[in-house]
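We did not get these values from a lab; they are worked out from the coordinates using the rules stated. Note that the structure is a prediction, hence the values are computed from the model and not measured. For neighbour counting, all protein chains shown are included, and Cβ atoms are generated from backbone atoms with ideal geometry for every residue, glycine included.
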Amino acid sequence: MSVIRINNWALPFYLLTAYVVIVLLRPHEYTHSPITDIPILPVLMLASFVAWFLYGRRDFEAPQFYLAPLLLVVMCLSMIASDWAGGAVLIFRKDLPIIGLFVLIACTADTTPRLVLLLKIIVLAATVMAWHGITQVESGTGWSGATLLSGRITYVGIFNDPNDLGLLFVTSIPVLLYLYYDASFFVWRALLIASLASILYAIYLTNSRGTIVGLAATVGFYFWLRFGLLRTAILVSVLGPLAFVMAPSRFREMLAAGELDDSALFRFEAWYAGFNMFRLEPFLGVGVGRFGEHFFMTAHNSFVVVLAELGFLGAFVWNAFLGLSLYMMYRFQRAGVPDDIIENPGEVAEYLTQQKMARALMFSLLAFCSAGLFLSRAFDITLFIWCGLVVAHYQNCRRRWPNITEVIQLKGNIMKVFYFWLFTVMVSYLGMKVGLFLA
C-alpha cells in the first residue's frame, strides 16, 4: 500500500490550503452540519502557524508585513482611546486570525503553482456559492440552510450578507479570466466559462448596488487602461443603456426614478456622519465597530468607515496596506523585461505570464476598491486574502528576478500612499455632496 508523504517544508501550505477552503465554504456552519461543534478553524490556524514557524519560509521583503500588525495595534488603540479597553481585547482576538491569514498566504504561497492553487480555490468557492444562490432562489433555502434576505441571495457565516457575497464574486472574476486565458485544456476552459456565467448571474441575484458599481468600475478601468479614455467613453455611451436594462431591480428603479430612494439617501447621510466623526476624533477615531453607536446605520463606504473609526493614523495605515498592494501590482505589470533575461526566451515567457497574473490581482483589488466606496468592508477577510496573494506574488517574482524594478519600498512611496488616501477621501466627500444635493 502506497503512503502519501508530505515534505515538512510543504506542510504549512497544505494546512493553510485546508484553512482557506473551510473559511470560504464554511461547511461547519451549515444547518445540521456534523462538525458544527468542532473548532476546526482555530485548530487549522494554530497548526498552520506552528508548521510555518518550524518549517516555513520567513521572507518579509514587503512593507505590508509591518503595516498589517501595525493596523491591528492602531485598531486596539482606537478602542482604548474611546474609553473601552475591553474592546481592544475583543478586537485583538477577532482580527488576529485575519492578520495571521494574510501573513501565512504571503509566506507559504512561495511558488507559482501554490499561488495558482489558491486562486483556483477562490474561484471554486465563488462558483459553489453562486450555484448555492441560484438554487436558493428556486426553493427559498439553500443547501447550507441559509434563506433569502428580502429576495436577495445569501450564504452562511461571514457571507450571510448579500453585499459580502457580492464582494467575493466581483473580486474573483479577474483571476477567473486569468485562469481562462492561461488554460490550454478545452474542458477546463469550458468549465471556467460556465463558472463565470454563474457568478455573473449570482451577482445579479445579490441585488447589491455596491457590487454592481464595483463590477462596472472594474470593467471601465480595464477598457481605460487598454483602449484609452476616449474609446472607453464611447463604449460606455453605447453599452450604458444595455447595462441599465440588465441591472438589478433596486439599482434600476433608483435610476429610473431620477432620484435617490431612502436607502441611497441614508448612505450619503451616513458618509456625512462619518466625516463629522473624523472631525470630532481626528487622530484615532471613535473606535473600531463603533460607527453604529454614533449613527443608526453603517456608512456603506469602507474608506469613510476607516476614517471615522480609526482617525487619520488608522486610515493612513489601512490605505497604505491597500494602496501599496494595488500600486505594487500596477507597477510590476507595466515593468519592462529585465535586461539580464532578455536573451532567454523561456524566462521572458515566464516573466510575461507573471505580469498577467499581476494584472489579474490588480483588477481584483480595483474591484474591491470600487465596491468598497459603497460597502463597509474595510476589515473584511476578503481584503486580507487578496493582499496576501499580492505580496506572495511579488516576493516570488523578486526571488526569481532580483534585478526587477524596485517597485515597493515604503520610505520611497510615502507620498504615493498619502495621495491614494487623499484621493479616496475626496471621492467619498464629493460623492456625499452630490448625493445630498440630488436628494
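Overview of values
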item: As computed over the range 123-207, the Cα convex hull volume per residue (Å³); result: 78 Å³
item: Rough spin-label spacing in nm, given labels placed 7 Å along Cα→Cβ, for A85 and R189; result: 6.4 nm
item: In Hz, Karplus ³J(HN,Hα) per residue of the range 55-64 (6.51, -1.76, 1.60; θ = phi - 60°; x = Gly, Pro); result: 10, x, 7, 10, 10, 10, 7, 8, x, 4
item: Difference of contour (0.36 nm per residue) and Cα-Cα distance, R334 to L430; result: 31.5 nm
item: Theoretical gain in end-to-end length, R226 to V21 [0.36 nm per residue, Cα-Cα removed]; result: 70.4 nm
item: Relative packing of peptides 169-179, 83-93, 112-122, 38-48 - highest average C-beta neighbours within 10 Å first; result: 169-179, 112-122, 38-48, 83-93
item: Three-way shape call for the range 265-399 based on the alpha-carbon gyration tensor, with the a/c threshold at 1.5; result: prolate
item: Rounded to whole Hz, the Karplus (6.51, -1.76, 1.60) HN-Hα couplings of the range 378-390, x for glycine and proline; result: 5, 10, 6, 4, 4, 4, 6, 5, 5, 5, x, 5, 4
item: Pairwise label distance in nanometres, K416 with A47, each label 7 Å out on the Cα-Cβ vector; result: 4.0 nm
item: Simple Cβ-charge dipole of the range 300-353, Lys/Arg +1 and Asp/Glu -1, about Cα centre, in debye nearest 20; result: 380 debye
item: Residues of the range 184-218 with amide N under 19 Å of the 7 Å Cα→Cβ point at V137; result: 193-216
item: Rounded if a/c under 1.5, otherwise prolate or oblate - the chain, Cα gyration tensor axes; result: rounded
item: Peptides ranked, highest mean first, by Cβ atoms within 10 Å: ranges 129-139, 152-162; result: 152-162, 129-139
item: Estimated FRET transfer efficiency when R0 is 25 angstrom, pair D37-R93 (beta carbons, to 0.05); result: 0.80
item: The range 286-294 - phi-based ³J(HN,Hα) in whole Hz, Karplus 6.51/-1.76/1.60, Gly and Pro as x; result: 8, x, 4, x, 9, 4, x, 7, 10
item: Sequence-separation-based contact order of the chain, relative, with Cα cut under 8 Å and 6+ spacing, percent; result: 21 percent
item: Computed lengthening from L149 to Y66, 0.36 nm per intervening residue step minus Cα-Cα distance; result: 26.0 nm
